[in-house]
Every structure is written in structure tokens, then in C-alpha cells.
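Following: one structure in C-alpha cells, then a few remarks.
Throughout, read-outs are computed from the coordinates displayed, never taken from laboratory work. Everything numeric in this text was worked out from a predicted model, so none of it was measured. Cβ sites come from the backbone with ideal geometry, for glycine too, and all protein chains shown count toward neighbours.
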Amino acid sequence: MAVLVAVVACQPQRKASSPVSPIVRKHAHADIYALDSAQSWIKLKVYRAGPLARFGHNHAITIEQISGLLYREKSLSQSEIEFSFPVTAMVVDRAADRAEAGVDFTAAIAPEAVAGTRENMLGPKLLAAQQYPIIKLRSVSISDTWPDLQMVVAIKLREVESQLTVPVHITEQDGVLSADGETGLSQMQLGLTPYSVLGGGLRVSDAISARFHLVAVKTSQK
């Protein structure tokens, strides 16, 4: 028995192979690009509403720490992108972001008001950051002709997945793709109830303006 145990112990151990995700198998022959988190961002403009709107503020929110992969097939319609970001990577009312957002965002906001806005946004009634720490996005379809595309994007927020069509302009240079565009979002379509106080006298508008700049760098070529 001792000899048998010794022989078995000396045998080379096989490592369990890591499972291959369905999307990787699907794009086995695609060129792969990784999003550059340092250069990629999504900027949101959130507006006040209601009869008492003059007592509230418009908010400029910037989303950072975006990561993900682009699978570029020879056929554009077969290409796919998936990316995500931590809910806590949403920066609220940074001075530089408000200045860039335009005249509707010039009013100064006290630091405690900014902190309160962020707390409400990440709290259980809206994004529920503790329970749902990641927001995921993926392309459902890509159409039209390069470099101006129409992309149907699925957004998984909390337990709700919704879709919207987004116009995207693509530029490419030296293995780096940049995607830029603007679109409108509806909080209710995303499964959220806009924040309100005073019986709805002061509330956050359902409509959100979104602008994005995503940079992806080629990591492999098939």
C-alpha cells in the first residue's frame, strides 16, 4: 500500500481546464479588442423636474472604470461587444464635469448635497449598489455601414434587461478603435423609478442625456 501511494503521488497531476465561455467559442476566429478603461467614459446629464424644480439641481454624472471586450468578425453584423462597470464608479457632479456639461450645470452645489445625491443614487430605491454592484451592457445587433453604425444594446441593471438603439461613430488607427455617440435614456425603461420628494413637487426627470467615448485596443488577431 505504501508503495502504491508513493507511485500515485509521483504521477504528474493534470490541471482542470478552465471552461470556455459561450461568447469566446462563438467568436473563435474574431479579432479581439480590450476596452481601455483609462480612456473610456460615459457622461450623463440628469435634469430636475416638477413644480418645485427651481429648488433642485441638474446633475452631471461620469461613468469610469469601464472594462470589456470587442469581438470583431469579418462580417460587421456578426461582431459583438460586451462591457461593464462598477456602480460605484459613477462620479457625481465633479466640478470639471459640470463645467463641461454646459450652461444648465453652472450652479454651484455644496459638497454635502453632492454626497447626498450620490447616496440616493446608489441606495436601495435606485441602483441598489450593494446588492447589484455591476452594470452590464452588450450588443444585440450591429447594422449600417462603417463608420456610422446603428447598434442595439442590452443593458442589465439590477434584475431588468432593456434594449435601446444607439448611433455609433467609429474611428480606427493603428489597432485602436474609438466609438463615440449620444443617445437618450429613460429611467423607467431601465426599470428605475425616478427619485422624488415633496409628493413629486421636486423630482428627477425620467429622461437622461447620455454621451460616450469608448476606446478599444487590439489584443489578438485571428
Exercise. With the dipole of the range 157-222 worked out from charges on the C-beta (+1 for Lys and Arg, -1 for Asp and Glu) around the Cα centre, which of Val166, Ala210, Gly200 lies farthest toward the positive end?
Worked result: Gly200
Seminar exercise, completed: Projected onto their principal axes, the Cα atoms of the range 113-180 stretch, largest extent first, over whole-Å spans of 42, 24, 19
Problem set entry | Angle between the chain longest axis and helix 111-122 axis [Cα atoms, degrees, rounded to 10] | 50 degrees
Problem set entry | Descending semi-axes in Å of the range 129-222, equivalent ellipsoid built from Cα gyration tensor | 31, 15, 12
Seminar exercise, completed: Taking only the alpha-carbon positions of the range 22-94 as identical scatterers, the Debye log10 I(q)/I(0) at q = 0.12, 0.15 Å⁻¹ comes out as -0.51, -0.66
For this session: Provide the gained length on full extension for the span Ala53 to Ser84, in nm with one decimal, where the gain is 0.36 nm per separating residue minus the Cα-Cα distance.
Result: 7.9 nm
Exercise. What residues qualify as long-range amide H neighbours of Ile135, i.e. H under 5 Å apart, gap of 5 or more or another chain, H built at 1.01 Å from N?
Worked result: Phe85, Val87
Problem set entry | MRE, 222 nm, helices only [DSSP H, n ≥ 4, -39500 (n - 2.57), over the chain, to nearest 500] | -4000 deg cm²/dmol
Problem set entry | Cα-Cα separations in the chain greater than 33 Å, expressed as whole percent | 29 percent
Exercise. Given a Förster radius of 30 Å and the C-beta distance between Val152 and Ser196 as r, what FRET efficiency does 1/(1 + (r/R0)^6) yield to the nearest 0.05?
Worked result: 0.45
